[in-house]
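Trainee: Right, I'll just put the structure down here and ask away after.
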Amino acid sequence: MDIMMRWTLLFWTSLAVVVPVIITLWCSVQRSKRKIHMKDFFRKSKHGWHCTDLFNKPTYCCVCQQHILQGAFCDCCGVCADETCLRLADRSLVCKEIMAPSQTDGTLEHRWVRGNVPLCSVCAVCKEQCGNQPKLCDFRCMWCQTMVHDDCKASLSDGKRCELGEFRSLIIPPHYLHHVNKLRRRHPDEYSKLASACGSSWTPVLVLANTRSGNNMGEALLGEFRTILNPVQVFDLSELPPSKALQLCTLLPPGSVRVLVCGGDGTVGWVLDAIDTMKLKGQDQFIPRVMILPLGTGNDLSNSLGWGSGYAGEIPVEQVLRNILEAEVVKMDRWKVQVASKGLYFRKPKVLSMNNYFSVGPDALMALNFHTHREKTPSFFSSRIINKAVYFMYGTKDCLVQECKDLDKRIELELDGERVALPSLEGIIVCNIGYWGGGCRLWEGMGDEPYPPTRLDDGLLEVVGVFGSFHCAQIQVKMANPVRLGQAHTVRLVLKTSRMPMQVDGEPWAQGPCTITITHKTQAFMLYHSAEQTDDDDESSTSEAESSAPHDSPKPAGPASARA
């Protein structure tokens, strides 16, 4: 009897352990199959579907009209559906058409989506709040974002005529691309004729986002921009390189396009390199103007152009688009960095493009250590706060180890062909822009006699030295100044012995004996923000910003450190 009870207990115990494991494995397999199946369905769909486990506001299915907590939504047109209605919604509900003919009068017709209007939206007819009933109700035009009540729709003054709303001057209308597709002669003059129907102030914008930058906000931003703009204007750089995305500029009027780059300084450099490639192809007349929405960690170039040191969703995308309309066009120098390794005379020198700065020494060592560990565990470095904390840790370590000491004995510096005597340094930094190290104005410094601000278009580089990681930290908190070595049109450094960490715009590497030559490459057209003064450094006056603005453009009204 005891044996029988033991076997019975063993059986039920085993069953209690094995059955949940089997169920868990079965659910995991089914979930994996469902994920693959949905991914294939989304790839073939004309909608931009995204699944969510919990909607962030009261949401109703556009097919069955029932309240749903989870399901899928299209970030282009705003249609929402639960999983059972998803296929029917995909077949029966039309998404935004990137290319479509216009009405007989040359205008676009409203494209209405019922229900799930934005919170606190107002009816265009009666001026009362929309979407405040607990059901699928009211309409929103997916192009002009006009909202109307069910009962007010028939009373809409413009009837079926859609004016594309507040951002009409930034949107590429679907009928424009329809006419371009029918052109027999693809010539810039033909594009200008077609553009006349879009208004004299038409400056279409392309949005290029790096979904891997900063706090991984890129994907959400892409969806918000697709909702307002034509989806053809919005590009994910993880799926399409900027060289291909910028080819859309060649189908638009010359000199009219503006590009919004959502990412860090590295992403901006990637886009600017693609623009230089357009110049090599003879497409100079289609070169766009570039604006930055900073999603990276350092964002020094963004800071220098007045767009702030980081974006975390504190302003809506609508305000970002308004900033594009108000921004000024300025020129920015770009530089060529040639690295010729000693003893390798038959190998072509490594050539890099520089927008921000080149450095050799402790800050390059911190960037190299950070880059090495990020490559090993990229998921850990998904937060801007964590990234800066890791930088601080490596800086503290170098204060104790001093891996770059006696740099002055290992390197020679020439500015415009003249040899410069170096003090006992650990690092040399060659700057093109005003900011360095995540928000520090390096060249101007602090104290009773600050140096004049740097300029983006003067064809000069500012060269400074630092005594070590601790000196870098003192400079960043305004307790010390760098060693100013001079300004030059051409900078040449000769590393005579050993390996040293180097970086160009945050891209680090370890370099053996070599000769580095930095010369002027070209100029890029950038967008400068000067609408408001919100920099922490209140002592920075308006005159400082005016002196840092390029001579060939109107002087900004605010400081160069103004943030979006």
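The values are calculated or read from the model by the stated rules, or taken from the named source; none is laboratory data. Just so you know, these numbers come straight off a predicted model, no measurement behind them. So basically every Cβ, Gly included, is an ideal-geometry build from the backbone, and we count neighbours across all protein chains shown. When the accessible area is computed, the model is the full protein with side chains, heavy atoms only, and any ligands, DNA or RNA have been set aside. Shrake-Rupley method; radii C 1.70, N 1.55, O 1.52, S 1.80 Å.
Trainee: Once Kirkwood radius over Cα pairs in Å is worked out from the coordinates, which option in (1) 24.3; (2) 27.5; (3) 26.9 does it equal?
Mentor: Working out Kirkwood radius over Cα pairs in Å from the coordinates points to (3).
Trainee: Want the number for residue 128 to residue 84: 0.36 nm per residue separation, take away the alpha-carbon distance, what's left? Please report the intermediate quantities before stating the final value.
Mentor: Working: separation 44, 0.36 × 44 = 15.84 nm, distance 3.38 nm.
My answer for the length gained is 12.5 nm.
Trainee: Same structure again: For the chain, with every protein chain kept in place, what is the accessible area per residue (1.4 Å probe, Å²)?
Mentor: Details: 27750 Å² over 564 residues.
Value for the chain: 49 Å² per residue.
Trainee: Would you mind checking region 259-282 for residues with the amide N under 20 Å from a putative spin-label position 7 Å along Cα→C-beta of residue 247?
Mentor: Output list for this probe position: 259-260, 270-282.
Trainee: Antiparallel versus total DSSP beta bridges in the chain: what percent is that, nearest 5? Before the final figure, lay out each step's value.
Mentor: Details: 72 of 87 bridges.
Here the antiparallel bridges make up roughly 85 percent for the chain.
Trainee: Sticking with this one: Relative to the Cα centre, what is the charge dipole magnitude of the chain, using +1 at the beta carbon of each Lys and Arg, -1 at the beta carbon of each Asp and Glu, and rounding to the nearest 20 debye?
Mentor: Values: 61 positive and 61 negative charges, 538 e Å.
Approximately 2580 debye in magnitude.
Trainee: Mind listing which trypsin sites (Lys or Arg not before Pro) in region 127-226 are in a DSSP loop and have 13 or fewer other Cβ atoms within 10 Å? Spell out each step's value before the answer.
Mentor: Details: sites: 127, 135, 140, 153, 160, 161, 168, 182, 184, 185, 186, 193, 212, 226; in loops: 127, 135, 160, 168, 184, 185, 186, 212.
Answer in residue order: 127, 135, 160, 184, 185, 186.
Trainee: Something else: Roughly speaking, to the nearest percent, how much of the chain's 1.4 Å accessible area is carbon and sulfur?
Mentor: Working: 15290 of 27750 Å².
Its accessible area is 55 percent carbon and sulfur atoms.
Trainee: A follow-up question, please. Please give the contour-minus-distance gain from residue 484 to residue 14: 0.36 nm per residue of separation, less the Cα-Cα distance, rounded to one decimal in nm.
Mentor: On the way: separation 470, 0.36 × 470 = 169.20 nm, distance 7.51 nm.
Between residue 484 and residue 14, full extension yields an extra 161.7 nm.
Trainee: Given axes a ≥ b ≥ c from the Cα gyration tensor, I'd like to know whether region 1-132 is rounded (a/c under 1.5), prolate (a/b larger than b/c) or oblate. Could the numbers behind the result be given before it?
Mentor: Working: a/c = 5.52, a/b = 2.60, b/c = 2.12.
Taking the square roots of the gyration eigenvalues as a ≥ b ≥ c, region 1-132 is prolate.
Trainee: Further, regarding this structure: Restricting to DSSP loop positions (anything but H, G, I, E, B) with no more than 16 other Cβ atoms inside 10 Å of their own Cβ, which chymotrypsin sites (Phe, Trp or Tyr not before Pro) remain in region 169-208?
Mentor: Values: sites: 176, 191, 202; in loops: 202.
Listed in order of number, the matching sites amount to none.
Trainee: As a check on your grasp of the helix formula, calculate [θ] at 222 nm for the chain: sum -39500 (n - 2.57) over DSSP H runs of n ≥ 4, divide by the residue count, round to the nearest 500. List each step's numbers first, then the result.
Mentor: Working: 14 runs with 165 residues, N = 564.
Here the helix-only value at 222 nm equals -9000 deg cm²/dmol.
Trainee: Just to be sure I understand the curve: with the Debye formula and one point per C-alpha of region 60-106, what is log10 I(q)/I(0) at q = 0.25 Å⁻¹?
Mentor: -0.86
Trainee: Related question: Net charge near residue 259, counting Lys/Arg +1 and Asp/Glu -1 over other residues with Cβ under 15 Å of its Cβ? Display every interim value, and only then the final one.
Mentor: Numbers: positive: 244, 258, 279, 289; negative: 236, 273, 276.
Residues close to residue 259 contribute a combined charge of +1.
Trainee: Counting only Cα, what are the radius of gyration and maximum Cα-Cα distance Dmax of region 432-521, in Å?
Mentor: Rg, Dmax (Cα atoms, Å): 14.1, 40.
Trainee: Testing the spin-label approximation: label points 7 Å from Cα along Cα→Cβ at residue 342 and residue 154. State their distance in nm.
Mentor: A separation of 8.8 nm, rounded to one decimal place.
Trainee: Where in region 314-356 are there trypsin sites (Lys or Arg not before Pro) that are in a DSSP coil and have at most 14 other Cβ atoms within 10 angstrom of their Cβ?
Mentor: Values: sites: 322, 331, 334, 336, 342, 347, 350; in loops: 342, 347.
Of the trypsin sites (Lys or Arg not before Pro), the ones in loops of region 314-356 whose Cβ has at most 14 other Cβ atoms within 10 Å are 342, 347.
Trainee: Continuing with the same structure: List the residues, sorted by chain then number, that are 5 or more residues from residue 79 or on another chain and whose placed amide H is less than 5 Å from its amide H.
Mentor: Here the answer is 74, since their amide H atoms fall under 5 Å of that of residue 79.
Trainee: Can you pick out the pairs among 35/135; 44/160; 39/135; 405/496; 244/279 whose Cα atoms lie more than 21 Å from each other?
Mentor: 35/135; 44/160; 39/135
Trainee: Just report the Cα centroid separation between region 55-75 and region 261-326, whole Å.
Mentor: 34
Trainee: Let me ask something additional. Going 7 Å from the Cα of residue 39 along its beta-carbon direction, which residues of region 63-104 have the amide nitrogen within less than 12 Å of the resulting point?
Mentor: Nothing falls inside the zone, counting backbone N under 12 Å.
Trainee: If you take all C-alpha pairs in region 224-266, what percent of them are over 12 Å apart?
Mentor: Details: 611 of 903 pairs.
Value for region 224-266 (Cα pairs over 12 Å): 68 percent.
Trainee: If you stretched the chain out fully between residue 57 and residue 91, how much longer would it get, using 0.36 nm times the residue separation minus the C-alpha to C-alpha distance?
Mentor: Values: separation 34, 0.36 × 34 = 12.24 nm, distance 2.52 nm.
9.7 nm is the gain from fully extending residue 57 to residue 91.
Trainee: If contacts are Cα pairs under 8 angstrom and at least 6 residues apart, what is the relative contact order of the chain in percent?
Mentor: On the way: 1104 pairs, mean separation 63.9, N = 564.
With pairs under 8 Å counted, the relative contact order is 11 percent.
Trainee: How big is D, in µm² s⁻¹, for region 109-165 by Stokes-Einstein at 4 °C and 1.567 mPa s if Rh is the Kirkwood radius over C-alpha pairs? Walk me through the numbers on the way to the answer.
Mentor: Details: Rh = 11.1 Å.
Translational diffusion coefficient: 117 µm²/s.
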